[in-house]
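The values are calculated or read from the model by the stated rules, or taken from the named source; none is laboratory data. Bear in mind the structure is a predicted one, so any value in this text is a computation, not a measurement. Neighbour counts run over all protein chains shown; Cβ positions are idealised from the backbone, glycine included. Each accessible area value is taken on the protein alone, full model and side chains, heavy atoms only, with ligands, DNA and RNA left out. Shrake-Rupley method; radii C 1.70, N 1.55, O 1.52, S 1.80 Å.
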Amino acid sequence: MAHSDCLFCKIIAGEVPSTKVYEDDQVYAFRDIHPKAKVHVLIVPKVHYASVDELAKKAPLTLSHMVEVAQKIATDEADGSYRLIFNTGKNAGQSVFHVHAHVLTGEVLPE
Ligand code: AMP
Ligand code: ZN
């Protein structure tokens with residue numbers, strides 16, 4: 001269910017603009033507004049879950065699907081290498097509490 005005060009629910013609904021990279025029945029992927037690599041895409045499940053932990057417990061097949069979509073984006077836009085990041089919790093840098101996978105690729109990434 002969409003959360004009316006959630007930025008990523010609004011992006012999925014088209015109420016906030018985004019640059020779409022990929023979409024299917026389970027997930028939506030769009031370019032991060034402040035890219036940290038040449039290619040920086042966010043993948044979000046269409047159903048609102050706050051964190052990757054909640055997603056793993058309640059919809060593990062959606063979580064594994066997000067990994068497959070990350071691989072597809074990295075293969076389509078780069079050489080198939082990618083870094084996949086789930087910031088989880090405020091002190092780890094999570095600022096939007098609708099789970100999202102950061103896909104970083106398109107260049108040799110710093111260690
Ligand atoms: P996190 O800090 O892990 O919660 O990641 C949130 C990400 O969302 C950050 O990398 C932001 O740059 C990105 N972001 C915030 N607002 C937007 C937006 N309107 N469109 C695309 N990306 C956004
Ligand atoms: Zn949401």
From Ala50, Ala13, Ala29, residue being open to solvent by less than 30 Å² (accessible area, probe 1.4 Å) and either within 16 Å of ligand 1 (Cβ to nearest atom) or without any contact (Cβ under 8 Å) to a residue 12 or more places away in the chain (or both): Ala29
Residues within the range 18-57 that are of a type in the set (Asp, Glu), within 15 Å of ligand 2 (Cβ to nearest atom) and touching a strand residue (DSSP E or B) at 6+ places or on another chain (Cβ under 7 Å), tallied: 0
Residue satisfying condition, being more than 13 Å from Val99 (Cβ to Cβ) and hydrophobic (A, V, I, L, M, F, W, C), within set Val52, Val27, Val21: Val21
